[in-house]
Amino acid sequence: MDSLTNRFKAALAEGRQQIGLWCSLASPISTEVVAGAGFDWLLLDMEHSANDLRDIYAQLQAMMEGDTHPMVRVPSDDPITIKRILDAGAQSLMIPNIDDAEQAARVVAATRYAPRGIRGFSQAPRAARFGRIKDYHTRCEAEIFVAVQVESRRALDNLDAIAAVEGVDGVFIGPGDLSTSLGHVGQQGHPEVVATIEAAVARIVRAGKHAGILTPSEELARRYIAAGTRFTAVGSDMGLLARGSEALAARFRA
């Protein structure tokens, strides 16, 4: 497997479940630590964390020698941000708040060079190992994984059309915002929310796309895997640090 191959995308194409961890601490040190824990992928979050471009760049470097694959959630569908993250070397992107097929198509276009898209050309970015991958610009598109995030009633209404967009590889369900949109703020385990998610996963699978989700609940994670999710995040670095430190302090206070 050469340096340009997207191992995460290849594993999904082979039908292998990919278990991930959310990373929001904006630290290359903590990311390097959890990258060695045995997860298939880490989500480096730019939407709900302090991560900026330099933070992501450093975390991609921190993960470079390992087998765990980095996926970056950009803060929005802004094509300039998408371009800069791709140039930094990320091959797998998650774009939040996708509500219809037209928006999904614009996101895909931001990851493609002309004439198939609008990605700006850079001669020797880090993604091309500074010009050392000579055929980067002709091969990179096949190795990019685009995951769009559906997290509203409107997105659910348009889910089949979103999943049908060429270049959309995965559809990731955002249970937090979706539960809010369904009228159950902070209740990701509410029966209506869970049933809605399972039905959405089935629709994504029928469309021939990979379904993903994040849940810190082991019970729900296993339930969603059984329903058909193939890239499943089962916790977060922030959650592990917060709950683990609380538990340790509580044991000694007692």
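The values are calculated or read from the model by the stated rules, or taken from the named source; none is laboratory data. Please read all numbers here as calculations on a predicted model, not as lab measurements. Quick reminder, even Gly has a Cβ in these numbers, built from the backbone with ideal geometry, and neighbours come from all protein chains shown. For accessibility, only protein heavy atoms count, side chains too; no ligands or nucleic acids. Shrake-Rupley method; radii C 1.70, N 1.55, O 1.52, S 1.80 Å.
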Region 5-15, residues that are among the aliphatic types (A, V, I, L, M) and farther than 17 Å from GLY66 by Cβ:
LEU12, ALA13
Considering region 1-25 alone, what residues qualify as being touching a Leu at 6+ places or on another chain (Cβ under 9 Å) and farther than 15 Å from HIS210 by Cα?
LEU21, TRP22, CYS23, SER24, LEU25
Taking region 25-39 and the residues there that are open to solvent by 20 Å² or more (accessible area, probe 1.4 Å) and touching a residue at least 40 places away in the same chain (Cβ under 8 Å), the one that is nearest to PHE8 (Cα to Cα) would be VAL34
Within region 195-219, residues surrounded by 20 or more Cβ atoms within 10 Å (Cβ to Cβ), in contact with a helix residue (DSSP H, G or I) (Cβ under 8 Å, 6 or more places away or on another chain) and either without any contact (Cβ under 8 Å) to a residue 12 or more places away in the chain or not polar (S, T, N, Q) (or both) come out as ILE197, ALA200, VAL201, ILE204, LYS209, HIS210, ALA211, ILE213, LEU214
Residue in region 185-201 that is farthest from GLN149 (Cα to Cα), counting only those that are not in a loop (DSSP other than H, G, I, E, B) and not hydrophobic (A, V, I, L, M, F, W, C):
PRO191
